[in-house]
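The values are calculated or read from the model by the stated rules, or taken from the named source; none is laboratory data. Quick caveat: nothing in here was measured; it's all calculated off a predicted structure. Cβ coordinates were reconstructed from backbone atoms using ideal geometry, including for glycine residues, and neighbour counts include every protein chain displayed. Side chains included, ligands, DNA and RNA excluded: accessible areas come from the protein's heavy atoms. Shrake-Rupley method; radii C 1.70, N 1.55, O 1.52, S 1.80 Å.
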Amino acid sequence: MGSHAHPEITMHTHSLAAYVEYLDRGDWDGVAELMLDSARKLESAGADFLICPDNTIHEAMALVESRSPLPWLHIAEVVANEAVDRGYRRLGLLGTRWLVESSVYPQKLEARGIDYLLPTEEERMEINRIIMDELVYGVFRPESVTHHQLVIRRMKDEGCDAVVLGCTEIPLIISNKNSPLPTLDSTRLLAWAALRRSVAEAHV
């Protein structure tokens, strides 16, 4: 698009507290309504399509897509496509407890013939605590990095050939530089997919 050029970007988000209230109640209809409210506001601002970098709330996408005024890129689908392109066959999945207990990634990975491995219950609760009590507040502890590395090491020992960083915050402490497995940074991959789509539409 030229030096310093990029597609126009408009963002809207409700308070994280509003989402967490619905998540704690398992109220996916409530999550969907927040997403749809953002979708309508972004449509009025002139957006052509939508992305949501929050992996967790993609569980509500089935309630959103048919009612949305604009199309969405699905983060797990983007990750699954990248895994296929890189030849990965079994992925470890890291994220909030809501995400790893959902169908968001299993559905998209199984559709592409990719196997996956989830954190144990103990691992997922500690990862969730690190995300929600530390990372979202900008707190980065060495022991939290170590915990993620140990989980990834177990996943590698159990046959995973890459790990999905299925949370916006996890890449703040885990990357290809310190992970025992190659990483699939879902947030970054979604951003690149959105860029490619925007550029392609600009040239239609």
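Extension gain, R129 to A62, is 21.4 nm, computed as 0.36 nm per intervening residue step minus the present C-alpha separation. Each Lys and Arg contributes +1 and each Asp and Glu -1, all at the Cβ; summed about the Cα centre of the stretch 102-204, the dipole is approximately 440 debye.
Entry comment: accessible area of the chain is 52 Å² per residue, from protein heavy atoms only and a probe of 1.4 Å.
What is the Cα centroid distance between the stretch 19-67 and the stretch 76-91, reported in whole angstrom? Cα centroid to Cα centroid, the span is 24 Å. Relative to the compact-globule estimate of 2.2 N^0.38 Å, the Cα radius of gyration of the chain comes out at 1.03. The distance from the alpha carbon centre of the stretch 138-204 to that of the stretch 112-128 is 14 Å, rounded to a whole number.
Each label point was placed 7 Å from the Cα along the Cα-to-Cβ direction; for T146 and M1 their separation is 4.4 nm. With a Förster radius of 22 Å applied to the C-beta separation of R196 and T13, the computed FRET efficiency comes to 0.45. Working from Cα positions, state the angle (0 to 90°, nearest 10) between the long axis of helix 28-44 and the longest principal axis of the chain. With rounding to tens, the tilt is 40 degrees.
Extension gain, N176-A45: 0.36 nm per intervening residue step, less the Cα-Cα distance, totals 43.5 nm.
As a rough guide to protection, the peptides 158-166, 84-92 ranked by mean Cβ packing within 10 Å, highest first, stand as 158-166, 84-92.
In this structure W28 has an accessible area near 60 Å², from a 1.4 Å probe over the protein heavy atoms.
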